[in-house]
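Just so it is clear, none of the values below were taken in a lab; they were calculated from the coordinates. Treat the numbers as computed from the prediction; the structure is a model and nothing was measured. Here the Cβ is made from the backbone with ideal geometry for all residues, glycine too, and neighbour counts use every protein chain on show.
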Amino acid sequence: MLHKKGQYNIAVAGATGAVGRKILEILEERDFPVAKLKALASARSVGQSLKFKGNPVIVEELTEDSFEGVDIALFSAGAGVSRQFAPFAVKSNCIVIDNSSAFRMEPDIPLVVPEVNPDAVGENPGIIANPNCSTIQMVVALKPIHDKFRIKRVIVSTYQSVSGSGQKAINELRNQTRSLLDGEAIEPNVYPHQIAFNCIPHIDTFIDNGYTKEEMKMVNETQKILGDSSVMVSPTTVRVPVFYSHSESVNVETISPISAKEVKELLSGLDGLQVFDDPASNEYPLAIDCAGKDEVFVGRIRDDITCKNAINFWVVSDNLRKGAALNAVQIAEYLVSR
Ligand code: NAP
Ligand code: 3JN
C-alpha cells in the first residue's frame, strides 16, 4: 500500500541500462514527485555517475537491503534479477513496477497498460508487471476495437528495432553498418546473424511449438491485459536494422461487422494514441518519426479485402518509451495520483 505523500523515494534497478536510463530521463521530464532517487545496478557499475535533474546520482550495487525507505522501485535488470530481488523490495513495503517477463503471467500479479486496464492495479499491489513492448503498443490500439466489435483473431508481424535488445545491440548495428559499407568483414555477436541490411525472424528463444518466446509473450499478455482468453493472436516477430521504435502490421478479425472508416473514427482523439493516416499525402507512422515520442501511432487503416469482418493497420511506437520506461512511469503516476 502506497502512503500518500508529497514526494516519494524511488529506486531504479538496472539504472545503467538502455531502459533504466530512459526511466531516469522520463521521471525528470514528467516532473515525477521524487524525494530521493537511488540508482541500482550490478557490482560492475558501482560508483558510476548518472544525472538526474542536473545532479549526479552515484550508482549503488543492487542488494537485498537496497529497498529500505524506498516507496516505489522500477526494475529493468532482466527477469532473473527481478525474481531474485523484487521479493526483498516487497518485504520492505516497497511497490515494485517490473519491466521484465518474470511475473507477467502470474495470476495474482497485475499486468498493466494505463490507457487499457488501470483498474487491474488493484488496491494493494506488491508487484505490478509492465508488459512486453510489442504487446503494449498493440493492445493500446486493440482495446477500443475489442470493446466495440469483439476481437476474434489477430495476425501480427513485428518489425522490432535493435534497442529492444539493449545498448550492446545498438552498438552492433552501428558497427556492422559502418564495417560493411567500408568493405570489412563482420562477426555477429548479439544476434545469431548479421543485423545490418537484414531482417531476422527470431526474437528471444524458440520453444517446442515453433514460435519464439517473444511471440508467445504477445499471445499470452494480450489475452491477460484484455481480460479475454478467447482472443486468438498469431504473431511473427522480426528484428530489423532500425535503432528505435517497433513497427507492427496488424490484421484484426472481429465478431461484429467492422469497417476501416469506423475504426479511424473510433481511434481518433484517444489518450496516448494518435491516428496518422493520410496515404494520399504519404502520411503513415514511421519508426524514425515516432522515436522520442510518447504516443502509439496508427496508420494504414484499411478494410481487409479478403475477409468480411476484418481490418488491417500499421502501428508504431518508441519501444524504450511507451514500450518500457514510459509505461512503467505512467503506472507509478497512477499509483501516486489515486
Ligand atoms: P541493458 O541495456 O543490457 O541493461 C541491463 C541493466 O541491468 C544494466 O543496468 C545492468 O547493470 C543491470 N543488471 C544486469 N545484471 C544485474 C545484476 N546481477 N544486478 C543488478 N543489475 C544488473 O538492457 P535493457 O535493454 O535496459 O533491458 C533490461 C531489462 O529490461 C531486460 O532484460 C528486460 O527484462 C527489460 N526490458 C523490457 C522491455 C519491455 O518490453 N517492457 C524492453 C526492453 C527491456 P550493469 O550496467 O551494472 O551491468
Ligand atoms: O526484443 C525486444 O524488442 C524487447 C525485449 C524485451 C526483453 C528483453 C530481454 C529480456 C524482455 C522482455 O521484456 O520480455 C526480457 C525478459 O524480461 O524476459
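Computed quantities for the displayed model
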quantity: Cα gyration tensor category, rounded, prolate or oblate, for the chain with a/c compared to 1.5; calculated: oblate
quantity: Members of K36/K224; K36/K322; K213/K261; K4/K148 lying beyond 31 Å, as alpha-carbon distances in this model show; calculated: K36/K224; K213/K261; K4/K148
quantity: Chain lengthening between E68 and V336 when straightened (0.36 nm per residue, less Cα-Cα); calculated: 94.6 nm
quantity: Diffusion constant of the stretch 208-263 at 10 °C, which comes from Stokes-Einstein with the Kirkwood Cα-pair radius and 1.306 mPa s, µm²/s; calculated: 117 µm²/s
quantity: Cross-link pairs beyond the 26 Å C-alpha cut-off, checked among K91/K143; K168/K217; K22/K152; K51/K143; K22/K264; calculated: K91/K143; K22/K152; K51/K143; K22/K264
quantity: Exposure proxy order (Cβ contacts within 10 Å, fewest to most) of E115, E68, E28; calculated: E68, E28, E115
quantity: For the chain, size of Cβ-based charge dipole, Lys and Arg +1, Asp and Glu -1, in debye; calculated: 140 debye
quantity: Projected-area mean, the stretch 34-176, by convex hull of Cα positions, square nanometres; calculated: 11.6 nm²
quantity: Cα-Cα P(r), the stretch 83-129, percent of pairs per 10 Å interval; calculated: 28, 58, 14
quantity: Convex hull (Cα only) mean projected area of the stretch 95-248, reported in nm² to one decimal; calculated: 10.1 nm²
quantity: Residues R178 and D228, FRET efficiency given R0 of 45 Å [Cβ-Cβ distance, rounded to 0.05]; calculated: 0.45
quantity: Gaussian network model of the chain, springs between alpha carbon atoms under 10 Å - residue of V19, V70, V113 with greatest fluctuation; calculated: V70
quantity: Listed residues V240, V57, V298, most fluctuating in the chain (Gaussian network, C-alpha, under 10 Å); calculated: V57
quantity: Chain lengthening between I305 and K53 when straightened (0.36 nm per residue, less Cα-Cα); calculated: 85.5 nm
quantity: Ascending count of other beta-carbon atoms within 10 Å, so fewest first, for C94, C133, C307; calculated: C307, C94, C133
quantity: DSSP-defined beta bridges in the chain - what % are antiparallel, rounded to 5; calculated: 50 percent
quantity: E283 paired with H3, simple spin-label distance in nm, labels 7 Å along Cα-to-beta-carbon; calculated: 5.1 nm
quantity: Mean separation of Cα contacts under 8 Å (6+ apart) over length of the stretch 171-243, as relative contact order %; calculated: 31 percent
quantity: For the stretch 196-338: rounded, prolate or oblate by the Cα gyration tensor [a/c cutoff 1.5]; calculated: rounded
quantity: Nitroxide proxy distance, nm - points 7 Å out along Cα→Cβ at A79 and A43; calculated: 2.6 nm
quantity: Max mean-square fluctuation residue, GNM over the chain, Cα-Cα springs under 10 Å, options S249, S259, S317; calculated: S259
quantity: For the stretch 258-327: rounded, prolate or oblate by the Cα gyration tensor [a/c cutoff 1.5]; calculated: prolate
